[in-house]
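The values are calculated or read from the model by the stated rules, or taken from the named source; none is laboratory data. From a predicted model like this one, the values you see are computed outputs, not experimental measurements. A quick note on method: Cβ atoms are made from the backbone with ideal geometry, for glycine too, and the neighbour counts reach across all protein chains shown.
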Amino acid sequence: MTKAEKQITLVQVRTIMADDFKNFSKILGNVFCSKCGVTLFTAYRIFLHSSGDIILRGVCSKCGKKVVRVMETGENQAAAKRAEKIFNSKKSDGHKKAMTALEMAKRKLEKEMGFPGGAKELDAA
């Protein structure tokens, strides 16, 4: 993670992507590994770049090598504005309570996307 990146949650990705979020599970299952070719993430972290792009950093399900997928949001002005708002937001005192609620929402979304226990987001560092 660089200074131009901020780790975000799956719920925040859903906020940024809005209706396009329905394609998120396809993105998780379509990442390129230099060793294995097209593969899927077994573990991942989600970052938001200051440009508004969403970056997925994870592990290849076949060989365990690190893989990265970038989703550009800048072409969609509404998504870019939502991304900018999230990138510039500060953590509040109630962050831990909010994270618990977000984690529950994330698990619900993963279940809806067909990833119950499959692709897992890495714990925040």
Since Arg82 meets every condition but one in (1) in contact (Cβ under 8 Å) with a residue 40 or more places away in the chain; (2) within 15 Å of Ala4 (Cα to Cα), which condition does it not meet? (2)
For segment 63-85 the number of residues that are on the phi > 0 side of the Ramachandran plot and under 16 Å from the mean Cα position of the chain (by Cα) is 0
Residue pairs meeting the criteria (Cβ under 7 Å; at least 6 apart or on separate chains; first free of Cβ contacts under 8 Å to residues at least 60 places away in the same chain, in segment 28-46; second among the aliphatic types (A, V, I, L, M) and loosely packed, with under 12 Cβ neighbours inside 10 Å): Asn30/Val38; Phe32/Val38
Inside segment 1-51, can you point out the residues that are of a type in the set (Val, Ile, Thr) and within 20 Å of Ala79 (Cβ to Cβ)? Ile8, Thr9, Val11, Val13, Thr15, Ile16, Ile27, Ile46
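Residues are listed down the side, and each one gets a yes or a no for (1) surrounded by fewer than 11 Cβ atoms within 10 Å (Cβ to Cβ); (2) over 16 Å from Leu48 (Cβ atoms); (3) of a type in the set (A, V, I, L, M); (4) modelled with pLDDT of 70 or more:
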site: Ser61; (1), (2), (3), (4): no, yes, no, yes
site: Met71; (1), (2), (3), (4): no, no, yes, yes
site: Asn76; (1), (2), (3), (4): no, no, no, yes
site: Ala79; (1), (2), (3), (4): no, no, yes, yes
site: Arg82; (1), (2), (3), (4): no, no, no, yes
site: Phe87; (1), (2), (3), (4): no, no, no, yes
site: Ser92; (1), (2), (3), (4): yes, yes, no, no
site: Leu122; (1), (2), (3), (4): no, no, yes, no
Taking first residues from segment 1-23 that are free of Cβ contacts under 8 Å to residues at least 60 places away in the same chain and second residues anywhere that are of a type in the set (S, T, N, Q) and outside any helix (DSSP H, G or I), the pairs with Cβ under 6 Å that are 6 or more apart or on different chains are Ala4/Ser50
Does Val38 satisfy the condition of being of a type in the set (A, V, I, L, M, F, W, C) and exposed (fewer than 12 other Cβ atoms within 10 Å of the Cβ)? yes
